[in-house]
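Engineer: Structure incoming, see below.
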Amino acid sequence: MKAASALALTLGACLSTCTVFACQSAEDGGGEVEGGGKGPAAEPLYGSYELSTFFDLTDAAILPDIANDTLSALSGLKESPSRTIIDLLKASNAPVVSNVLGIIPQQLLGPFEGFIDDYLFSRLFEGVPATETVASLIDDIASLVTHFEVITVLDMPEPDEFGNSVATHQLTGLGFTLLGNRFVVDSPEFLSELTGASEVSCNIAHLYESSPLIETGRVDIGDHGFGLPIGHYVLAAVDKVLQEQLGVEDLRGALGLIVDCRGLAQAVAGRCIGPLCIGHETEIFQLCDAGLGIIVAQVEERVLALDFQAIHLAGGDAKMWDAAVDGDPLDGLIDRIDQGQWIAGIDVGSGEKSVSASFVGRRIGDSQAPPVN
């Protein structure tokens with residue numbers, strides 16, 4: 001099933017309304033409170049909210065072995081750099097391999113790969129062994145795939161007298177946190193149009209607490225889902241992380257800095273056994289450069305293949321309340337969603353599996369949809 005087909009998930013029936021204390025609609029101007037009398041007029045709970053849903057797939061057994069499958073080319077560069085580069089270039093029928101191996105003295109073909117490995121195993125990048133830097137890069141990318149924040153907009157129009165509304169839920173981006181820094185990748189316009197759900201049943205109601213200054217409510221959200229081509233977002237996040245950390249544009253630029261093909265070519269070309277020397281610095285540079293290019297191409301191809309054909313949100317509930325802004329006193333307006341939990345599942349093509357997912361949200365404006373009749 002393709003990601004686009006997941007967008008046609010049949011939305012479940014509206015969740016039943018919950019029993020609440022002195023629940024009132026947005027229009028009735030006040031409700032009976034304990035001890036008699038009228039409570040303050042409730043501010044509307046409906047509107048447009050930005051939600052952040054947090055997923056942790058570390059133990060969900062949903063994705064393949066990221067390090068040894070999706071990122072196997074990078075793992076090979078860490079463990080057996082020369083063999084990985086040469087094998088990948090041979091598999092792609094790149095002429096640079098035969099060019100280099102054809103001009104190196106026959107007696108040095110055996111040691112040639114060892115000379116490449118010697119260079120990379122001893123090379124330091126910013127004071128850290130290059131192979132350890134590659135290992136950290138593998139861990140970072142794997143972390144982005146398994147820990148992420150789905151950023152969406154839930155637009156709930158004015159409900160009927162029972163608090164029932166029909167919302168839209170639209171993907172707007174993904175957030176990733178690495179080394180304490182949060183990176184947000186916005187959805188391209190063409191993806192935003194394809195990754196969302198309409199006619200999402202929901203129910204919202206006020207809950208009165210003892211203080212008349214704080215409006216408290218709750219929201220129940222019904223069954224819906226959408227596809228998520230997570231690989232596209234992960235690659236964009238990798239680029240953002242590398243721009244921040246290393247000042248390079250992308251993964252190819254990062255490997256170029258870490259490996260330093262010119263330094264490798266110079267070092268290997270100068271290696272000799274007796275009177276015979278490797279030589280051919282230019283050709284060795286071309287081999288290294290092409291090898292890094294094909295490693296990146298394989299990694300990108302396999303990361304892009306990571307596709308959540310459906311994120312299924314069978315139901316969700318959360319609390320809604322006032323939130324202080326910049327230390328100002330509470331204003332009596334309900335503008336925050338917190339302590340949200342989804343009943344969630346993810347399908348990557350082999351059947352849906354349950355996952356843990358929590359969410360929070362904030363009001364970003366009024367609903368753009370007409371009231372529910």
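Engineer: Could you please tell me which pairs satisfy a Cβ distance under 6 Å, a separation of 6+ or placement on different chains, a first residue in segment 236-247 that is within 13 Å of residue 181 (Cβ to Cβ), and a second residue that is assigned to a loop (DSSP other than H, G, I, E, B)?
Structural biologist: 242/248
Engineer: Looking at 354, 358, can you tell me which residue is part of a strand (DSSP E or B), polar (S, T, N, Q), over 17 Å from residue 61 (Cβ atoms) and at pLDDT 90 or above? Talk me through it step by step, then tell me what you get.
Structural biologist: Details: 354 fails: over 17 Å from residue 61 (Cβ atoms).
So the residue among 354, 358 that is part of a strand (DSSP E or B), polar (S, T, N, Q), over 17 Å from residue 61 (Cβ atoms) and at pLDDT 90 or above is 358.
Engineer: How many residues are in contact with a Cys (Cβ under 6 Å, 6 or more places away or on another chain) and either surrounded by fewer than 20 Cβ atoms within 10 Å (Cβ to Cβ) or more than 19 Å from residue 344 (Cβ to Cβ) (or both) when one looks only at segment 165-188?
Structural biologist: Residues that pass the stated criteria total 1.
Engineer: Report yes if residue 138 is hydrophobic (A, V, I, L, M, F, W, C), at pLDDT 90 or above and over 25 Å from residue 308 (Cβ atoms), otherwise no.
Structural biologist: On the way: hydrophobic (A, V, I, L, M, F, W, C): yes; at pLDDT 90 or above: yes; over 25 Å from residue 308 (Cβ atoms): no.
No, not satisfied.
Engineer: Next question. Looking at 311, 295, can you tell me which residue is under 30 Å from residue 352 (Cα atoms), of a type in the set (A, V, I, L, M), under 25 Å from the mean Cα position of the chain (by Cα) and crowded, with 20+ Cβ neighbours inside 10 Å?
Structural biologist: The unique qualifying residue is 311.
The values are calculated or read from the model by the stated rules, or taken from the named source; none is laboratory data. The structure displayed is predicted, hence computed values, not measured ones. Cβ: placed from backbone, ideal geometry, glycine included. Neighbour counts: every protein chain shown.
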